[in-house]
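The structure appears right after this line, and notes come after that.
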Amino acid sequence: MLDRAWVAAHIPHQGSMCLLDAVKDWSDSAIACRASSHTDPTNPLRAEGRLGATNGIEYAAQAMAIHGALIAGDNAEPRQGYLTSVRSVSLHVARLDDLQGELDVRAERLSGDANNILYQFSLSHAGRCLLEGRAAVVLDATALKEHS
């Protein structure tokens with residue numbers, strides 16, 4: 001298992017904005033992470049003392065970033081990814097902060113090339129799906145301008 005220190009060293013999010021605690025499992029096509037930061041009263045995504053379920057998309061995006069780093073390998077230059085769209089998002093709860101224990105954060109790469117990737121993602125708690133959807137990620141936004 002890769003711990004929080006490893007995660008923080010491989011994504012741009014630092015301090016309390018690094019939301020994931022560990023990578024539980026991964027392959028070339030998928031990643032499973034765990035998180036407990038949803039219960040932290042100082043979570044930077046909270047608004048009016050609450051952490052709404054839509055913030056789970058950021059948890060999933062960080063899992064996608066970690067997956068990209070793992071696939072690239074230790075010697076690769078880190079690439080900045082941009083979440084360009086989310087689709088078919090289903091929220092099964094209103095908020096995340098009232099759930100005790102860890103969240104399971106999963107992302108599966110459905111398709112993509114060296115610059116554009118489509119992921120399917122989900123967050124669950126104690127076996128219950130909290131939210132799910134799909135996200136498109138672009139790794140090099142300047143390459144998009146060059147082709148337009």
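The values are calculated or read from the model by the stated rules, or taken from the named source; none is laboratory data. Remember, it's a predicted structure, so these values are computed and weren't measured experimentally. When we count neighbours, we look across all protein chains shown, and the Cβ atoms used for this are built from the backbone with ideal geometry, even at glycine.
Of the residues making up the range 21-41, those that are within 20 Å of V86 (Cα to Cα) and crowded, with 19+ Cβ neighbours inside 10 Å number 2.
The residue list D25, D40 contains one member that is of a type in the set (D, E, K, R) and either without any contact (Cβ under 8 Å) to a residue 24 or more places away in the chain or out of contact with any Lys or Arg (no Cβ under 9 Å at 6 or more places or on another chain) (or both), which is D25. Report every pair of residues separated by at least 6 positions or lying on different chains whose Cβ atoms are under 7 Å apart, first residue within the range 95-108 and more than 19 Å from I31 (Cβ to Cβ) and in contact (Cβ under 8 Å) with a residue 40 or more places away in the chain, second surrounded by fewer than 19 Cβ atoms within 10 Å (Cβ to Cβ) and among the polar types (S, T, N, Q). Correct list of pairs: D97/T39; Q100/T39.
Contact annotation: no residue pair with Cβ atoms under 6 Å, 6 or more positions apart or on different chains, pairs a residue in the range 46-60 that is part of a helix (DSSP H, G or I) with a partner that is of a type in the set (S, T, N, Q). Scanning the range 102-114 turns up at least one residue that is surrounded by 11 or more Cβ atoms within 10 Å (Cβ to Cβ), at pLDDT below 95 and over 12 Å from the mean Cα position of the chain (by Cα).
Taking the conditions (1) more than 12 Å from the chain's Cα centre (by Cα); (2) of a type outside the set (D, E); (3) assigned to a helix (DSSP H, G or I) in turn, S90 satisfies each one other than (3). The residue list A5, A32 contains one member that is in contact (Cβ under 8 Å) with a residue 24 or more places away in the chain and either not in a helix (DSSP H, G or I) or not hydroxyl-bearing (S, T, Y) (or both), which is A32. When the range 42-72 is limited to residues that are touching an Asp or Glu at 6+ places or on another chain (Cβ under 8 Å) and at pLDDT 95 or above, the one that is surrounded by the fewest Cβ atoms within 10 Å (Cβ to Cβ) turns out to be R50.
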